[in-house]
Structure formats: structure tokens, C-alpha cells
């Protein structure tokens, strides 16, 4: 059980306990009024009776005031609980959105798939992939992967020997399947601009490239470690 759910249960138990105590107090006060000796009332003189009625009236009004106060207290507790649940929901949504942006969860949605491969004329170079990633981000891609390796803002793409491609420390090779989630129409049209678009430019240099759109593109989460060594939250002092 997570801490947030545990806090909700504790708050609910507290409210229930407070309600029980308040109603018990009110019950005792009403019972005291109901159990007044009727015979004693009949034997009272008029002056005594007036005094007694005044006292009972005061007790009744006091009980009603206590009831109203208790009802307000209960309402306040309920409002706090509802606000706590609402705030909890907002925090959950922000955390979920942050995890998607950071690449810590699998995601799916509409988008495009580009298959880039070596040809007899030329092999794919790391800068070809970097250029494609930049084009996709410019076109509004919300998530990108290459051969199921999630691309983050901190992703490194290297080709140390001029042949073997390394992405996020993982070896990948041709064909390169690049997936991007975003508005498929905008992504596709940006890459397909005549002569100046990525597809035409890539074909012009002799590489094999194919562009497809899809309604249910799936991109896997980043499976590496995210270590922050030097960044700190807040302003520099």
C-alpha cells in the first residue's frame, strides 16, 4: 500500500471517529431532555415551572447549536478529504505525464515509421539519424525510438569505427526502424516536402528510405539508468 493511499484511509478513519463521538454527545444531550421526570413537573409551582422551562429551553437551544456546530465540523472534514483526493489526482496526472516525457513508460499513439537502410552506394551514418531526429522533433514528435531504443534529450548516437552504430550504449545496425509519435499528417508532410524534405534528400544521396503512417505506433520505455550528479533544484545562491 502506497503512502498516499494509506493517508486517505487514515483521514477517513479519523473523520468517522469524530462523527461517532459528536453524535454520541448529541444523543446523550437529547436523552437527558427526554428522561425528565414528568411527575416532578406536575408538582411544580408556576414560578418553578417557568424556571424549569427556561432551563430546558436553554438546554435545547444549546443542543441545537451543538448539532449545527457538529454538522459544520463534519462538512469541513469532508471538504478537506475531497480536496485531498482532488490534489492527489492532480499529482498522479503530473507524475504520469512526467514519466511519459522522461521516457520511463511505454507509450503509443498515432505517428510515423521510417525505415532507413544501407544501399550499395552508401551506408547510413550517425549524422543521418541525428538529422532525422531533429526533423521529427521540429515537426512535433512527442516520442522517438530507433530499433526500439528510446531517444531522450540526453541520448548519444555515435559511430566510433565509422561502421558500428551505438545509441544509448547499445549496438544497433541497419536497417534502422525509426518510430515517432505525434500528428501523423504533420510529421509525414514535413518529412515529405519535395526536394527539401528528409525523404527526398536521403534518397538523393543513395540511401534506402521508406515512410509509413500509423494510428497505433508503440514506443518502448527507456531501459537505462538516469543518474543526476551535478544538477540541483532551485536558484543559484
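Please treat every number below as a calculation from the coordinates, not as lab data. This is a predicted model, so every value here is computed, not measured. Reconstructed Cβ throughout: ideal geometry from the backbone, glycine too, with neighbour counts over all protein chains shown.
Restricting the calculation to Cα atoms, the range 107-219 yields a radius of gyration followed by a Dmax of 13.2, 37 Å. For the range 127-193, pairs of C-alpha atoms spaced more than 14 angstrom apart make up 56 percent of the total.
Would you give the gap between the C-alpha center of the range 199-235 and the C-alpha center of the range 148-169, rounded to a whole Å? Distance between centres, Cα-based: 10 Å.
Using 0.36 nm times the number of residues separating residue 156 and residue 127, minus their current alpha carbon distance, what extension gain do you get? Numbers along the way, then the final one.
Values: separation 29, 0.36 × 29 = 10.44 nm, distance 1.14 nm.
Using 0.36 nm per residue and subtracting the Cα-Cα distance, I get 9.3 nm.
Please arrange 138, 198 by how many other C-beta atoms lie within 10 Å of their C-beta, fewest to most.
138, 198
Stokes-Einstein diffusion for the range 163-237, with the hydrodynamic radius set to the Kirkwood value over Cα pairs and evaluated at 20 °C in a medium of 1.002 mPa s, equals 133 µm²/s.
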